[in-house]
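The values are calculated or read from the model by the stated rules, or taken from the named source; none is laboratory data. In this text, all values refer to a predicted model and were calculated from it rather than measured experimentally. For neighbour counting, all protein chains shown are included, and Cβ atoms are generated from backbone atoms with ideal geometry for every residue, glycine included.
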Amino acid sequence: MIVLKTTRELSLMKEACVIAAGALKAAGEAVEPGVSTEEINRIAHNFIVKSGAIPTFKGYNGYPAAACISINDEVIHGIPSKKRIIKAGDIVSVDVGATFNGYVGDNAATFAAGDISPEAQRLCDTTRESLYEGIKMAVAGGRLGDIGSTIQRYCEERGFSVVREFTGHGVGKQMHEDPSVPNFGTPGRGVRLLPGMTIAIEPMINMGGAGIRQLPDGWTIKTKDGSLSAHFEHTIAITSNGPVILTKI
Ligand code: MF3
Ligand code: CO
């Protein structure tokens with residue numbers, strides 16, 4: 001069931017999203033060679049708590065941290081660790097959610113640690129740009145497939161591939177609500193987009209093949225072929241005035 005939000009609910013949700021965005025920004029600014037992924041998590045966690053919000057991910061299906069931190073060929077859901085030290089040239093995906101006013105804000109971005117290769121930069125740029133191209137399609141009267149197909153085309157035209165097993169999602173009082181928001185699809189197909197829908201759009205894009213595997217830790221998702229992967233996510237609202245990026249600060 002897709003839950004439509006009123007304007008008042010959207011303004012409550014916006015506050016959660018601004019906190020999630022602040023946590024992501026603070027975490028991203030701390031990404032540097034020599035820093036542990038646990039330190040990045042701590043910065044995100046502290047930002048959320050000092051804002052009076054709840055780290056949405058912590059305890060979700062037993063997940064142990066406030067943020068997911070995924071390096072290089074890790075696609076998503078990397079578990080922060082004191083022993084995992086960021087190196088120069090790494091690309092570091094940080095995904096973080098905050099619950100405030102009873103609503104969830106969810107966002108992610110991939111950050112460069114020191115100088116990264118031109119190909120890695122292109123992967124990150126393309127993934128971020130594809131998110132914004134997808135967001136442009138999040139208009140009332142459109143279809144869910146307009147978003148996914150736009151992201152897919154943008155990335156595949158540039159030689160990259162779209163992860164299929166994980167998708168974006170509706171978001172609101174719950175982190176994961178209907179509908180599922182794939183980063184692939186067919187224009188004009190899928191659920192009709194309506195004012196009041198709030199969705200997280202989150203392309204996960206690989207430099208090599210689309211295949212992924214899960215590590216024995218039960219969380220970390222890596223590319224099957226060891227190629228680099230990038231991830232960008234915003235929580236957005238579909239309104240009669242077009243898409244609104246709630247996790248924008
Ligand atoms: N942001 C992720 C998503 O969009 C959720 C992280 S999974 C968790 O689905 F278990 F860590 F919360
Ligand atoms: Co999400």
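Name, by its number, the condition in (1) within 18 Å of the chain's Cα centre (by Cα); (2) away from ligand 2 (no atom under 16 Å from the Cβ) that does not hold for VAL49. All conditions pass for VAL49, except number (1). Kindly check whether there is at least one residue in the stretch 118-127 that is hydroxyl-bearing (Ser, Thr, Tyr), in contact with a Phe, Trp or Tyr (Cβ under 8 Å, 6 or more places away or on another chain) and more than 16 Å from VAL31 (Cα to Cα). Yes; the residues of the stretch 118-127 include at least one that is hydroxyl-bearing (Ser, Thr, Tyr), in contact with a Phe, Trp or Tyr (Cβ under 8 Å, 6 or more places away or on another chain) and more than 16 Å from VAL31 (Cα to Cα). GLU165 meets all of the listed conditions (1) surrounded by 17 or more Cβ atoms within 10 Å (Cβ to Cβ); (2) within 16 Å of ligand 2 (Cβ to nearest atom) but one, namely (1). The criterion of at least 2 residues that are surrounded by 17 or more Cβ atoms within 10 Å (Cβ to Cβ) and hydroxyl-bearing (Ser, Thr, Tyr) is met, among strands (runs of 3 or more DSSP E) falling completely within the stretch 187-249, by 234-239. Filtered by the rule that a residue be assigned to a helix (DSSP H, G or I), away from ligand 2 (no atom under 16 Å from the Cβ) and in contact (Cβ under 8 Å) with a residue 12 or more places away in the chain, the stretch 130-149 gives GLU133, LYS136, GLY145, ASP146, SER149. Where strands (runs of 3 or more DSSP E) fall entirely within the stretch 1-120, none has at least 3 residues that are modelled with pLDDT of 95 or more, among the aliphatic types (A, V, I, L, M) and surrounded by fewer than 24 Cβ atoms within 10 Å (Cβ to Cβ).
Would you call LYS224 touching a helix residue (DSSP H, G or I) at 6+ places or on another chain (Cβ under 7 Å) and farther than 19 Å from THR150 by Cα? Considered against the rule, which asks whether it is touching a helix residue (DSSP H, G or I) at 6+ places or on another chain (Cβ under 7 Å) and farther than 19 Å from THR150 by Cα, LYS224 comes out as no.
For MET175, state whether it is within 28 Å of ALA65 (Cβ to Cβ) and away from ligand 2 (no atom under 16 Å from the Cβ). In short, no.
Go through the residues of the stretch 150-165 one by one and say whether even a single one is within 16 Å of ligand 1 (Cβ to nearest atom), in contact with an Asp or Glu (Cβ under 9 Å, 6 or more places away or on another chain) and either under 17 Å from GLY208 (Cα atoms) or not in a loop (DSSP other than H, G, I, E, B) (or both). Taking every residue of the stretch 150-165 in turn, at least one turns out to be within 16 Å of ligand 1 (Cβ to nearest atom), in contact with an Asp or Glu (Cβ under 9 Å, 6 or more places away or on another chain) and either under 17 Å from GLY208 (Cα atoms) or not in a loop (DSSP other than H, G, I, E, B) (or both).
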